[in-house]
Amino acid sequence: MIRKYRYLLTAAAAVGAAGLLTFAARNDFGLGRNMEIAVNMMRELSLNYVDPVDPDRLMEGAAAGMVSDLDPYTEYIPEEGMQDFELLTTGKYDGIGALIRQKDDYVRIAQPYQGSPADKAGLKIGDKILSIDGKDAKGFTTEQVSSRLKGEPGSKVKVTVEHLDGTQQTAAIRRERIAIPGVPYAGWVADGIGYIRHSDFTEGCYEEMRAAIERLRTERPLKGLVLDYRSNGGGIMQEAVKILGMFVPKGTEVVSTKGRSEDSKQVFRTDTEPILADLPLTVLINGSSASSAEIVAGALQDLDRAVLIGQRSFGKGLVQSPRPLGYNAMLKLTTAKYYIPSGRCIQAIDYSHSQEGSVRAVPDSLISEFTTRAGRKVYDGGGVMPDIATDPEYISRFALTLYALGFIEDFGDEYTRRNPGRQIDIRTFSITDKDYADFAEFMQDKKVPYESDTRRALKALKKAAEDDRFADLKNKFEQVEAELKDDTQTNLETYRTQVVETINNDIVMRHGYQAGVIEHSLSGDKEVKKAVEVLGDPAEYARITREQDTKRK
């Protein structure tokens, strides 16, 4: 073992020496010194640490640490992380097409993708996985089950499940290349007004978007279109450019990039004739719309081609490029900033000072004014500002906690057992008051580690008062604490509306998949309603896209 370490150290020292010679020529004494320190440190850890260490892991950690102080998007991806990286960029993987979750000693089906091998085989939400290829699956983790369900397309895996009604099924499922849709839903929100939810910019999402538009056009005349980019974290820039090509003239510059190298300086123009050159558009954005989603939204705004509705977007104006490092490892590297047609970069955080130990938001003094094609004022340095600002939807942290702990899905399983074969109207479905009372009873013996923001603030205030020796405030704090009710049963009433909707979504998922959940949400979506209102008022639409400036922040 010692000989192996010494061999590795010798190799590392050789690399370090080569680096020293190279950088000595550049008079970079600091870099050479730190490389020598790293080699010496590696030697000491390998030979003298109290427990045996794996030099390979040490070096992998060093590689990850090398980029840790740059920006959140520059990342070292080792060989074992490449599968997840591929899924993020392509939206594809090899398997049976089902999400899974852990409950007690078994892993269960959380969601089969519509039309996937798992779906075709009859696997349902709530199914308990009893065995895989004849091996008892009791005690398996989700990682163990996932690794056994994945495999080469065309190969088969035998899965035995127990359905919610207690019956068992064994299915030989042929694995396929699973494509997670980037456009999970397209439909209608008013007469002639189409709606498309675009969730990420994975490989091929342009084809999905175009197919969705073509389907809507064949169903009825299209008078306006709502593009929903809320919570779309972005992805492949080239897909954004192709999508923009459906709405603006061929040859239109929609984004450019600039970095340190000449290769990073590029201009991207649309290269196809638009299929909806004049159709009125609205784009929905929020604080989680980022990257390529901001390119589409920002370019359509800069070109006065759409009305943006929602909240200020995330503000990610950085471009990442993959760089192979050998041995199936990769560096995802920030190489440039991107600029939308007005010339603005919407990057909200300045990472250039990260090596000094801090990052900062772009200060107001550095925010610049730009103009759209029609002369409207827009601004850089803080995401894309909507033309019509709305308040963000309130999301109950209590409801999210119930979902994260699996209680919503567990109750959905129980609801399904009680209502076998029931059909629902996806758009209008809601559980009854009696169903919610059943849920409250179901939660009676459940522990929910939830603490309201008010109680958290009160704890902090009590601690501060104790530190400052304000003893006379103790009784007042105790009085407030006694009146503060945030136990589970009280919270079930306080946040009833949000919890009911979370349960509704779980049950709708079982009947209509992810597309059904999206369709179910549309009737109560205030931003969709606002988009329909704007698209139904040509004069207001024209005024906004021709005259209205955006707010600075």
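Here's the list of aspartates and glutamates a cross-link from residue 120 could span, going by alpha-carbon distance under 17 Å and ignoring same-chain residues fewer than 8 apart: 94, 162, 176. On full extension, the segment bounded by residue 487 and residue 367 gains 38.6 nm, given 0.36 nm per residue less the C-alpha separation. Relative to one another, the C-alpha centroids of the stretch 433-475 and the stretch 304-336 are positioned 40 Å apart. Measure out, as a whole number of angstrom, how far apart the alpha-carbon centroids of the stretch 514-553 and the stretch 162-216 sit. Computed from Cα coordinates, the inter-centre distance equals 24 Å.
Between the residues 91, 172, 112, the greatest Cα displacement towards the positive end of the dipole of the stretch 57-203, with unit charges on the Cβ of Lys, Arg, Asp and Glu, is found for 172.
Show me the trypsin sites (Lys or Arg not before Pro) within the stretch 22-116 that DSSP assigns to loop and that have at most 12 other Cβ atoms within 10 Å of their Cβ. Taking the stretch 22-116 and a limit of 12 other Cβ atoms within 10 Å, the loop trypsin sites (Lys or Arg not before Pro) found are 26. Distance between the pseudo-spin-label points of residue 56 and residue 466 (7 Å out from Cα toward the beta carbon): 4.9 nm. For the chain, the mean residue ellipticity at 222 nm estimated from helices alone is -12500 deg cm²/dmol, where every DSSP H run of n ≥ 4 contributes -39500 (n - 2.57) and the total is divided by all residues, rounded to the nearest 500. A straight Cα-to-Cα reach below 30 Å connects residue 553 with the lysines 242, 258, 265, 316, 337, 377, 526, 529, 530, residues fewer than 8 places away in its own chain not being considered.
Protection proxy ranking, highest mean first, for peptides 489-495, 472-478: 489-495, 472-478, where packing is the per-residue count of other beta-carbon atoms within 10 Å, averaged. Applying a length cut-off of 27 Å (Cα extent along the axis) and a mean Kyte-Doolittle floor of -0.5 to the DSSP H helices of the chain leaves 2-24, 29-48. Please state the shape class of the chain: rounded when a/c is under 1.5, otherwise prolate if a/b exceeds b/c and oblate if not, all from the C-alpha gyration tensor. Since a/c stays below 1.5, the shape of the chain is classed as rounded.
Computed from the coordinates by the stated procedures, all read-outs in this text should not be read as laboratory data. Note that the structure is predicted; figures quoted are calculated from it, not measured. FYI the Cβ positions are ideal-geometry reconstructions off the backbone, even for glycines, and counts take in every protein chain you see.
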